[in-house]
Amino acid sequence: MKRKKSSSVLPNKWFDKRRDFFVRKAIDDFFSMNCSFQDVYAIYLKCRDPYPLAGSDPLIICSGNNMARIWDRLMQMVGSENNKGPLWCLKDLCHLVWPERTYDRDRSGSLVDWLVGSIFHEAMKLKENVYLLNRYGSAAHKMKEHPVDIPMTALSARANVPRLENMIDVQGVINRAMADVVKQMEQIAFLFNLTCYMLRIILPVLAENALVVRLLIEREELVHRFWGEKLEDIFNDMYCGDAAEGFCRAGRSYLNGQWFFRALQMYKRALNVNPTCDEAITRMVQLQQIVSENKELLVGAA
């Protein structure tokens, strides 16, 4: 009798039919998370001592509301088990888009999944350490400034009882948490950059996914910010030197969805990079006629 395969490794036919959409969503959500973390990282830098001495604290505890702001942003990103944040949802989505069963045929996608999962788990640890600093950091700092003695008793009068702060190294615990925050922040920043690089590397594999192509166009400013490349150069890489094909592919997709004005814009851009593109020339004539005969299509399209 054959053993029934676990449902966790069985293909999901409904999902597979819509995989292009979910790949686009995973990339788009990663763009948003990268921006969110960059905001967190900027706040974190305000908590760093720019000129730390040997053995000094890596973070400045008394930094106004900066640590509280980091906590709030991390909570929004990560969330909780009962209320998952966008980073948690992105991790789950990547598990679906690049499942373990596809590792042999899509190792680069599996690496993206692993990197996003690593970001999530580092963020969970970071959140706990930031909570510790927020909740107890100020108290530990005060204890360091104003030590607390054990009250005088008959026992302490006869014995040499150590001071409380020597018995419990509160400041040491806080210092270790601060060091961990620094390491985790830098590790997460490194993982975000590495994931961004991997997504750029796999774009040629996604050349047939018109929704991803449209995403790159719709997020053109972020694309340039993250990868430092013009869209034409990325399309040249994706389509073997034929950047016009990238814009034509987006144009076809918009046209199928009856987004006539956007399709027209794409074919115009295709002609800008290749004035002899037959598809763009033909579609331009058709779309200009459609748009001119239906002026209402332009309302809100620009």
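The values are calculated or read from the model by the stated rules, or taken from the named source; none is laboratory data. Predicted model only: the values in this text are computed from it and were never measured. Virtual Cβ from ideal backbone geometry, glycine too; neighbours counted across all protein chains shown.
Being under 30 Å from VAL97 (Cβ atoms), over 22 Å from the mean Cα position of the chain (by Cα) and surrounded by fewer than 17 Cβ atoms within 10 Å (Cβ to Cβ): is that true of CYS240 here? Judged against the criteria, CYS240 is a match. The single residue among LEU132, LEU111, LEU126, LEU93 that is part of a helix (DSSP H, G or I) and buried (at least 20 other Cβ atoms within 10 Å of the Cβ) turns out to be LEU126. Quick one: which residue in TRP88, TRP114, TRP98 is modelled with pLDDT of 85 or more, touching a strand residue (DSSP E or B) at 6+ places or on another chain (Cβ under 6 Å) and farther than 22 Å from ASN175 by Cα? Among TRP88, TRP114, TRP98, only TRP88 is modelled with pLDDT of 85 or more, touching a strand residue (DSSP E or B) at 6+ places or on another chain (Cβ under 6 Å) and farther than 22 Å from ASN175 by Cα.
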